[in-house]
Structures are given as structure tokens and as C-alpha cells.
Amino acid sequence: MNLNFLLVEDSPVDCELLIRHLKKGGIEPTYLRVENESALVAALEQPKWDLVICDYHLPTLDPLTALRLAKTKMPITPFIIVSGSVSEEDAVKALKAGANDYILKTNMTRLIPAIEREIGEAGKHREQLRIEADLKVKEEQLRQAQKLDAIGQLAGGIAHDFNNVLAIILIQTGIIVKTLDKNPELKKIAEPIYKGLEQVKKSGERAAGLTRQLLAFSRKQILQPRVIKLNQLVVDMEKMLRRLIEESVTIKLNLAENLPNIKVDPNHIEQVVMNLVINSRDAMPKGGTITIETRPDELDDKTAQRYDMKPGRYVSLIVSDTGCGMDEETQKRIFEPFFTTKEAGKGTGLGLSTVYGIVQQNKGLVLVESKVGVGTSFKVYFPQVDEDVKVVQSEKKTKTDIRGSETILVIEDDSSLRNLACDILTENGYKVLPAKNGVEAMGIVASHQSPIHLVLTDVVMPEMGGPEFAKAMQEQKMNAKFLFVSGYTDNVLIREGIDSGKIQFMEKPYRLEALLEKVRELLD
Ligand SMILES: Nc1ncnc2c1ncn2[C@@H]1O[C@H](COP(=O)(O)OP(=O)(O)OP(=O)(O)O)[C@@H](O)[C@H]1O
Ligand SMILES: [Mg+2]
């Protein structure tokens with residue numbers, strides 16, 4: 001056993017004897033001998049000692065003082081007193097003060113077993129402390145995750161209902177604006193109203209943007225993941241990013257060659273890059289450098305376990321800046337929605353919440369490192385995939401006629417939304433069958449004689465939701481196309497369907513034209 005001894009002993013001869021005894025006992029000692037307080041204090045500055053052995057009768061140093069100094073600096077390191085003579089009273093006093101053992105020079109056979117025992121105990125003690133510290137870190141992480149989860153549920157719930165309300169505002173204003181556009185005389189008379197409506201529409205769209213961010217944070221956005229090249233995504237965004245920032249800020253790209261592919265929703269990842277870059281810009285009002293870096297990466301077992309991730313191969317995206325940085329307190333809160341240090345009206349505090357939600361939903365991890373006055377670096381991991389990028393043929397963007405005469409079953413539990421969708425479709429020539437949920441829709445399908453071409457359905461509805469209805473219809477071999485509409489969905493079937501491209505989906509709130517175009521596209 002190799003051990004580092006700190007020997008508090010005034011006699012070099014006794015020290016020699018002790019070392020010889022240790023060697024005979026199978027110990028390989030390295031040691032330093034000190035005999036006064038200042039030398040002891042200096043020695044204690046080095047963290048290398050496995051054990052302290054202290055004589056009880058020192059000319060200039062009280063052994064209890066030595067004990068106190070040693071235990072203050074190294075509470076776990078064993079402290080054994082070895083002495084030629086000692087009263088029982090002194091021995092008890094030393095043990096009470098924290099000495100680990102007391103050995104008489106006349107009974108040295110006890111020394112080696114005592115050392116072995118105390119070294120073992122200290123090891124166990126250190127291990128225990130390490131486990132406790134790890135546990136504390138994990139607990140803190142869990143607490144943070146739970147907090148964000150709870151806020152996410154609340155925010156997501158509100159955003160979901162709010163989305164329905166917004167859909168109506170947006171669609172209705174859209175209809176009125178369109179009516180006015182078609183009728184120039186009316187538009188002229190209603191000029192102030194028209195202007196007001198445009199404002200309503202703009203605000204509505206902004207509100208829709210905010211709810212989308214909230215849904216992103218609560219991980220309830222619809223994912224449409226594809227295999228992509230992260231480098232390509234960054235390069236494609238570069239021009240747009242440069243336009244976002246002042247001239248005093250430089251953007252540097254540092255993209256790894258032969259970067260493996262990742263499978264993510266590219267729209268969401270663009271959002272991540274943009275939010276991070278905007279934050280960096282805001283952190284550097286006097287200019288600086290933003291570096292966007294990509295590299296193949298890995299999460300080893302220990303790191304993965306720490307962050308509740310799967311160990312393995314990842315691709316990382318690092319956005320760093322030379323900005324103002326953040327203190328620890330700020331860093332703890334940055335992912336909370338509505339947490340912002342920016343003055344009122346400047347920031348909503350949703351940027352990083354969105355990043356957090358998106359990264360989690362795409363099975364990734366986001367970490368931050370920051371130092372006040374030096375800068376900040378966000379690192380985002382995404383799992384690598386071996387699949388290749390699918391080449392999608394670019395759609396021809398001809399202005400399709402958006403009218404039709406087919407029959408559409410509209411299932412939506414929100415009556416005003418249902419009426420709106422029905423009105424729009426009827427106005428554009430379609431025959432419409434409204435239903436307030438899957439059960440009612442089943443009845444309609446059973447009694448309707450002619451074919452139904454398309455089912456436009458909400459996902460979550462009381463009694464019977466869209467996916468359950470679709471499944472029932474599949475069993476009955478119904479021949480209609482399905483278009484699902486929702487602000488978000490936790491429905492596994494839908495998610496899988498979207499992932500595999502089997503399910504057609506539209507995000508709420510939708511624009512009128514978008515709905516009509518999508519309906520036409522499906523029917524053709
Ligand atoms: N790169 C950075 N450097 C310094 N501080 C940052 C950086 N990124 C984020 N922060 C801190 O984190 C806070 C939250 O960021 P977040 O993006 O969520 O909201 P925001 O930027 O304040 O508002 P917005 O909703 O407009 O994004 C910021 O107010 C800022 O204090
Ligand atoms: Mg921001």
C-alpha cells in the first residue's frame with residue numbers, strides 16, 4: 001500500500017523508527033516531517049495526505065491544536081496519535097476532539113491494523129460524500145425539470161384553448177378583409193374600418209406566434225421530423241441571420257466536415273438557431289463575435305445519466321458569443337417562460353423556453369456555459385442517425401383553383417370554429433356535413449347515401465376524437481381522405497402517422513387559403 005504520511009514529530013530518530021515499522025508492515029510510505037505550527041499549516045495546504053501521525057509530547061506544538069488544524073483542513077483524513085506515554089485522561093480528550101486512534105509506542109503492533117482500518121473508513125466516507133453530492137446535483141436537476149414541466153403544462157393548456165379563440169379571430173377578419181377587397185366601392189367607404197381590421201389581423205398573427213412559442217415550450221407542438229444536414233440548415237440561414245444583427249457584430253461559422261445527419265423538425269431547429277443568435281446579438285450591444293459551430297459529438301454513460309439522456313453518438317450545435325454573460329442566478333432561470341432581464345417591451349422571455357421545448361421534443365439536450373463579462377455558449381445535442389437525406393421534389397407552385405364540389409365531413413367540437421370551416425367550404429362549392437365529435441360523425445356516415453370524399457377533423461374531442469374515428473372508419477373500409485387539424489397533439493397515433501407521412505395534418509390556427517389549398521391538394 002502506497003501512502004502519503006504527514007508526520008508531526010520533533011525527533012528524527014523516532015521518525016526513522018516509525019518509517020521502518022511501517023515498511024515492515026507492508027506499507028510503502030512517502031512522508032513529510034513537521035515539528036511546529038507554521039510548518040504544519042504550510043503542509044496542510046497540500047491536498048495530498050492520506051494520514052497524519054502525531055506525537056503527543058512536542059516541545060512547541062500542542063497536539064490538540066495540531067489535531068484541530070488538521071481536521072479543519074482535511075476532515076476525513078485519519079489522524080492517529082502515537083506516543084511514548086500518555087494518561088488515560090489525555091487519550092480520551094484527544095479521541096473526543098476527533099483523533100481517530102491513540103497508540104502507545106510500547107504497543108506498536110496496533111499501528112498497522114489501525115492505519116488499514118482508518119484508511120478503509122476514510123475511503124468509505126469519501127465515497128459516501130461523493131454519492132451525496134451527485135444525488136444533490138441530480139435532485140436539483142430534477143427539481144428544475146419538474147418546475148419547467150409544471151409551467152409547461154399550464155402554459156400549454158392555456159395556449160391550446162387560446163388557439164381556438166385566435167383561429168376564429170383570424171379567420172373572421174380574413175373573411176371581412178377579403179370581402180372588402182372584392183368590393184372596391186365598399187372598401188372605399190369602409191376605409192377606416194379596413195385599416196382597423198388590418199391591425200386586428202396583425203395583432204392576431206402576433207398572438208398566434210406567441211401561442212406557438214408557448215406550445216413549443218410545453219412540447220406540444222406537432223413535430224414533422226426529417227433527416228437533415230445540420231450544416232446545410234445553418235448555411236441556408238446565414239444570410240438571414242446577418243440581416244438580423246448590426247454591423248459591429250461578426251458571425252463566424254465553424255462547421256465540421258463530414259458531419260453525420262440528424263432527424264429533427266427543420267423548422268423548429270431554425271427557430272432554435274435564430275433564438276440563440278438573437279440573444280447573443282442582444283448580449284453584445286457594443287459589438288463582438290457570434291460563432292456558430294457544429295461537430296460530431298458523444299455523450300458518455302456518466303454524462304448521459306446525469307442529464308437523463310441516452311448515451312451514444314450525437315451532433316452538437318454550439319452558439320457562442322463574446323457578450324455580457326450571465327451570473328449563476330440568471331443561468332438557473334433562463335429556460336423559464338417569461339423570464340427576461342430585458343427592459344419591459346424589449347423581451348418576452350420566451351426565446352429560450354422555446355429552445356428548451358424544441359430541443360427536448362427532438363430528443364436533444366441543451367447546456368449553457370457563461371461568464372459575466374466574458375461571454376456565453378449554448379450547446380445543443382441532437383442524436384445522430386445513419387439514414388440519408390430524402391430528396392423531395394420541389395412542388396410546383398401553380399395557383400391552384402381552390403374551389404370544389406366534393407362532400408366533406410367536418411368534425412370539430414368548438415361550434416364557432418366548426419361553423420366557420422363549414423361556411424368557408426360551402427362558399428367555395430363543397431357539400432359539407434358538420435359533426436361535433438366522432439360519435440355524431442359515425443351516425444352521419446351510417447345514414448349518408450352518397451360518398452364522402454374528405455374528413456376534416458379535430459384531434460382531441462369529447463366522446464370520440466379524430467384518430468379513434470379514423471380507426472373505426474378504416475375498419476368499415478371507408479374510402480375518404482383524412483385531414484387532421486389541431487393546435488397540438490399528444491396523440492401517439494397522430495405523431496407516428498405524421499412522422500411516417502401517412503397522416504395529413506394542419507396546424508391551428510390556420511389561414512383560410514391554407515385550408516382550402518390543403519383540401520384541394522388532398523382531393524386531387
Ligand atoms: N447569449 C446570452 N448572453 C447573455 N444573456 C443571455 C443570453 N441568452 C439569454 N440570456 C439571458 O436569458 C434571458 C432569457 O432569454 P430568452 O431568450 O428566454 O428571453 P429574452 O431574450 O429576454 O426575450 P425574447 O422572448 O424576446 O427572446 C435573457 O433576458 C437574458 O438575461
Ligand atoms: Mg431571446
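Some values worked out for this structure:
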{"read-out": "Among (1) within 16 Å of ligand 2 (Cβ to nearest atom); (2) within 23 Å of Thr291 (Cα to Cα); (3) out of contact with any helix residue (DSSP H, G or I) (no Cβ under 9 Å at 6 or more places or on another chain); (4) not in a helix (DSSP H, G or I) - the single one Gly323 does not satisfy", "value": "(3)"}
{"read-out": "Which listed residue, of Lys286, Lys302, Lys310, is away from ligand 1 (no atom under 13 Å from the Cβ) and farther than 30 Å from Ile228 by Cα", "value": "Lys286"}
{"read-out": "Single match in Leu365, Leu454, Leu420, Leu425 (criterion: in the same structural domain as Val272 (by TED's automatic domain parsing) and crowded, with 19+ Cβ neighbours inside 10 Å)", "value": "Leu365"}
{"read-out": "Verdict on Ile119 being modelled with pLDDT of 90 or more and aliphatic (A, V, I, L, M)", "value": "yes"}
{"read-out": "Complete set of residues in the range 362-379 that are of a type in the set (D, E, K, R) and either free of Cβ contacts under 8 Å to residues at least 12 places away in the same chain or within 8 Å of ligand 1 (Cβ to nearest atom) (or both)", "value": "Glu369"}
{"read-out": "Members of the range 344-361 found to be in contact with a strand residue (DSSP E or B) (Cβ under 7 Å, 6 or more places away or on another chain) and within 10 Å of ligand 1 (Cβ to nearest atom), listed by number", "value": "Val355, Tyr356"}
{"read-out": "Subset of the range 313-343 (residues that are more than 11 Å from ligand 1 (Cβ to nearest atom) and either of a type in the set (A, V, I, L, M) or outside the structural domain of Val366 (by TED's automatic domain parsing) (or both))", "value": "Val315, Leu317, Ile318"}
{"read-out": "Some residue of the range 27-45 being touching a Lys or Arg at 6+ places or on another chain (Cβ under 9 Å), at negative phi, charged (D, E, K, R) and at pLDDT below 95", "value": "yes"}
{"read-out": "Helices (runs of 4 or more DSSP H) completely within the range 428-524 that count 1 or more residues being at pLDDT 90 or above", "value": "438-447, 466-475, 512-523"}
{"read-out": "Candidates Val272, Val359, Val277, Val355, filtered to the one that is crowded, with 18+ Cβ neighbours inside 10 Å, in contact (Cβ under 8 Å) with a residue 40 or more places away in the chain and farther than 21 Å from Ser218 by Cβ", "value": "Val277"}
{"read-out": "Selection from the range 204-238 of residues that are modelled with pLDDT under 85 and farther than 20 Å from Thr354 by Cβ", "value": "none"}
{"read-out": "Condition broken by Thr60, with the remaining ones in (1) surrounded by 13 or more Cβ atoms within 10 Å (Cβ to Cβ); (2) modelled with pLDDT under 95; (3) over 46 Å from the mean Cα position of the chain (by Cα) satisfied", "value": "(1)"}
{"read-out": "Flag for Lys310 being part of a loop (DSSP other than H, G, I, E, B), basic (Lys, Arg) and in contact (Cβ under 8 Å) with a residue 12 or more places away in the chain", "value": "yes"}
{"read-out": "Flag if Val234 is touching a residue at least 24 places away in the same chain (Cβ under 8 Å) and in the same structural domain as Ala256 (by TED's automatic domain parsing)", "value": "yes"}
{"read-out": "The listed residue being farther than 27 Å from Lys23 by Cβ and among the charged types (D, E, K, R), out of Lys93, Lys124", "value": "Lys93"}
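So that you can scan it fast, the table gives a plain yes or no per residue for (1) in contact with a helix residue (DSSP H, G or I) (Cβ under 8 Å, 6 or more places away or on another chain); (2) over 26 Å from Lys390 (Cα atoms); (3) surrounded by fewer than 21 Cβ atoms within 10 Å (Cβ to Cβ); (4) of a type in the set (Phe, Trp, Tyr):
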position	(1), (2), (3), (4)
Pro225	yes, no, yes, no
Ile228	yes, no, yes, no
Lys239	no, no, yes, no
Ile245	yes, yes, yes, no
Ile251	yes, yes, yes, no
Lys286	no, yes, yes, no
Arg295	no, no, yes, no
Lys310	yes, no, yes, no
Arg313	no, no, yes, no
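The values are calculated or read from the model by the stated rules, or taken from the named source; none is laboratory data. These numbers come from a predicted model, not from an experiment. When we count neighbours, we look across all protein chains shown, and the Cβ atoms used for this are built from the backbone with ideal geometry, even at glycine.
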